[in-house]
1. What fraction of the DSSP beta bridges in the chain is antiparallel, stated in percent and rounded to the nearest 5?
2. Within a 10 angstrom radius of the beta carbon, how do Val224, Val136 rank from fewest other beta carbons to most?
3. Farthest toward the dipole's positive end in the range 88-237, which of Ala171, Val187, Pro141, given Cβ charges of +1 (Lys, Arg) and -1 (Asp, Glu) about the Cα centre?
4. Grab the beta carbon distance between Ala120 and Asp214, set R0 = 41 Å, and tell me the FRET efficiency rounded to 0.05.
5. Averaging the inverse of every distinct alpha carbon separation and then flipping it gives the Kirkwood radius. What is it for the range 3-236, in angstrom units?
6. If each of Ala30 and Gln161 carries a label point 7 Å out from its Cα toward its Cβ, how far apart are those two points in nm?
7. Where in the chain lies the longest segment free of trypsin sites (Lys or Arg not before Pro) that are both loop residues by DSSP (not H, G, I, E, B) and have at most 14 other Cβ atoms within 10 Å?
8. Under the rule that an exposed site lies in a DSSP loop and has at most 14 other Cβ atoms within 10 Å, name the longest stretch of the chain with no GluC sites (Glu not before Pro) of that kind, not counting the sites themselves.
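Just so you know, all these numbers are worked out from the coordinates, no wet-lab data involved. Keep in mind the model is a prediction, meaning the values are calculated, not measured. When we count neighbours, we look across all protein chains shown, and the Cβ atoms used for this are built from the backbone with ideal geometry, even at glycine.
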Amino acid sequence: MSVNRFERTTLMLCAPPDALMAENTALNGALTVIADIRTDWATERATDEVQSVLARRQATAGYTLLRVGRPDGETGQHALERLAALRPDGFVLSGCGGVADIQAFDVMLRVTEAEHGIEAGSIALVAEVGENAAFVLSALPLKDVSRRLAAIVFDGASLTQATASQTFNTAASRAGAPLLLARATAVITARQAGLPCYELLQENTHGDPQTARDIALADGFSGVIARNAAQLAALRA
């Protein structure tokens, strides 16, 4: 997956494998699909679910990425190798704290590619920020950290949960300060590195997803990522 082709992607959907399989139209066409297996990604059950999604996606023009947590030790490496053997286009690393996490994941993918005879550097890496507040506090740039780094995804819901803050500060009649800072940091950091930056919509976003996309674009994001079929349909409209 090249960075330039990824930035031209207009529609993206992140959902659990069972939701993707239930919504057949979500798997068709030039759509980037992110199979969300973050909660149990290191299990064989998750591998089986991903295999079904990838089998359905083989004839389409869009990318298929796997949303996983930060790998830890041999268990994480073995799980990564099982998933990579299914030949997804790349992985979305949730809970990314910055440069060190990206470099560590890059090394694990390098080992995985060698293990399966996959072309070196061909598995893309998308860094998802928000859950780990260390990313916001880091001053280290992402430029040239990894050749496989294709984009940044910002998860505002995880950020507000991690900081025990609110999405909207009613008393101040504005968005929550941690959310404002983190959104700006994600966009600026991505642009400094020459990478696209996408905002992950919340599962139960209030209001029109198209309005949320317009706000994201005005704030410098490259687009938004739908979390369910209803949001995707609204964005397609």
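1. Once the DSSP bridges in the chain are tallied, antiparallel ones form about 5 percent.
2. The most exposed by this proxy come first: Val136, Val224.
3. Selected residue: Ala171.
4. 0.55
5. Taking the inverse mean of 1/r over all distinct Cα pairs, the range 3-236 comes out at 17.9 Å.
6. Label at Ala30, label at Gln161, 3.4 nm between them.
7. The longest such stretch corresponds to 9-142.
8. Values: sites that count: Glu119, Glu203.
Result for the longest clean stretch: 1-118.
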